[in-house]
1. Failed condition for B:Ile12, given (1) in contact (Cβ under 8 Å) with a residue 24 or more places away in the chain; (2) within 14 Å of another protein chain (Cβ to nearest Cβ); (3) part of a strand (DSSP E or B), with all others met?
2. Taking the condition of being part of a loop (DSSP other than H, G, I, E, B), loosely packed, with under 13 Cβ neighbours inside 10 Å and either small (Gly, Ala, Ser) or in contact with a Leu (Cβ under 8 Å, 6 or more places away or on another chain) (or both), how many residues in the stretch A:9-57 meet it?
3. Please tell me if B:Tyr31 is among the aromatic types (Phe, Trp, Tyr), modelled with pLDDT under 95 and either more than 15 Å from B:Ile77 (Cβ to Cβ) or in contact with an Asp or Glu (Cβ under 6 Å, 6 or more places away or on another chain) (or both).
4. Got a number for residues in the stretch B:1-42 being of a type in the set (Phe, Trp, Tyr) and in contact with a Phe, Trp or Tyr (Cβ under 6 Å, 6 or more places away or on another chain)?
5. Just name the residue that is nearest to the other protein chains (Cβ to nearest Cβ) out of those in the stretch A:76-104 that are loosely packed, with under 14 Cβ neighbours inside 10 Å and of a type in the set (Ser, Thr, Tyr).
6. Return the pairs, sorted by first residue and then second, in which the second residue is in a strand (DSSP E or B) and of a type in the set (Asp, Glu), the first residue lies in the stretch B:83-109 and is at pLDDT 95 or above, the beta carbons are less than 8 Å apart, and the residues are 6+ apart or on different chains.
7. Report the residue count in the stretch A:11-51 for those that are closer than 25 Å to B:Pro104 by Cβ and among the acidic types (Asp, Glu).
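The values are calculated or read from the model by the stated rules, or taken from the named source; none is laboratory data. Note that this is a predicted model, so its numbers are computed, not measured. Note: ideal-geometry Cβ built from the backbone for every residue, glycine included; neighbour counts use all protein chains shown.
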Amino acid sequence: GIQVEQSPPDLILQEGANSTLRCNFSDSVNNLQWFHQNPWGQLINLFYIPSGTKQNGRLSATTVATERYSLLYISSSQTTDSGVYFCAVGPSGSRLTFGEGTQLTVNP
Amino acid sequence: EAQVTQNPRYLITVTGKKLTVTCSQNMNHEYMSWYRQDPGLGLRQIYYSMNVEVTDKGDVPEGYKVSRKEKRNFPLILESPSPNQTSLYFCASGVGSYEQYFGPGTRLTVT
């Protein structure tokens, strides 16, 4: 099956800093999503981005499908950005394989 | 309010005692899915359903059953739970899997 590797596994920032999270995947995909799991366990869909670039407020994501990676950018980080960020990929709209996540801690 | 609900939220049970975790969504989504989350392993897909009466295996289906008799409900059944099924379980629904809405999670402990 598809392998998904996320880096870094852990990231600690001061409030206001910028960060880049990376997701590498082993095969061609038609489905790539980024999720945020907050410290209370709730999972939120951030982006559906199998290719190209999208932005939503302070967050943006870029996927280079031909090189099999995706990047999630967080600018001017806030303490509420803390949690685990997951990348998930799949060949279509049904199966999803998740990476192990990046644990982000934003300190005030 | 659009939401995915799961019940129970917490469950402690013993090996071999059949249990069902319910999942319901009020968004008229055709797609529903179950995941388990374990430390260091991220989320792994157990089963998914593209529509009523249509279900398929994910990456870790062994030991689980599902059914999709109605669009809004997608229960997860553990016929004979074992300790290695101790995990945090999430149900999700969406339009395909492209934008999924997750339930709050069910923490299951099998002793």
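1. Exception for B:Ile12: condition (2).
2. Count: 3.
3. Values: among the aromatic types (Phe, Trp, Tyr): yes; modelled with pLDDT under 95: yes; either more than 15 Å from B:Ile77 (Cβ to Cβ) or in contact with an Asp or Glu (Cβ under 6 Å, 6 or more places away or on another chain) (or both): yes.
Judged against the criteria, B:Tyr31 is a match.
4. Step one: of the stretch B:1-42, the residues of a type in the set (Phe, Trp, Tyr) are B:10, B:31, B:34-35.
Filter once more, keeping what is in contact with a Phe, Trp or Tyr (Cβ under 6 Å, 6 or more places away or on another chain): B:34-35.
The total comes to 2.
5. Taking the stretch A:76-104 first, the residues loosely packed, with under 14 Cβ neighbours inside 10 Å are A:76, A:78-80, A:92.
Subsequent filtering for residues that are of a type in the set (Ser, Thr, Tyr) retains A:76, A:79-80, A:92.
Details: A:Ser76: 25, A:Thr79: 22, A:Thr80: 18, A:Ser92: 8 Å.
If we take residues in the stretch A:76-104 being loosely packed, with under 14 Cβ neighbours inside 10 Å and of a type in the set (Ser, Thr, Tyr), then A:Ser92 is nearest to the other protein chains (Cβ to nearest Cβ).
6. B:Ser87/B:Asp38; B:Leu88/B:Asp38
7. Looking only at that region, the number is 0.
Table: residues versus (1) buried (at least 18 other Cβ atoms within 10 Å of the Cβ); (2) within 20 Å of A:Tyr48 (Cβ to Cβ).
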{"site": "B:Val21", "(1), (2)": "yes, no"}
{"site": "B:Ser49", "(1), (2)": "yes, yes"}
{"site": "B:Pro61", "(1), (2)": "no, no"}
{"site": "B:Gly103", "(1), (2)": "yes, yes"}
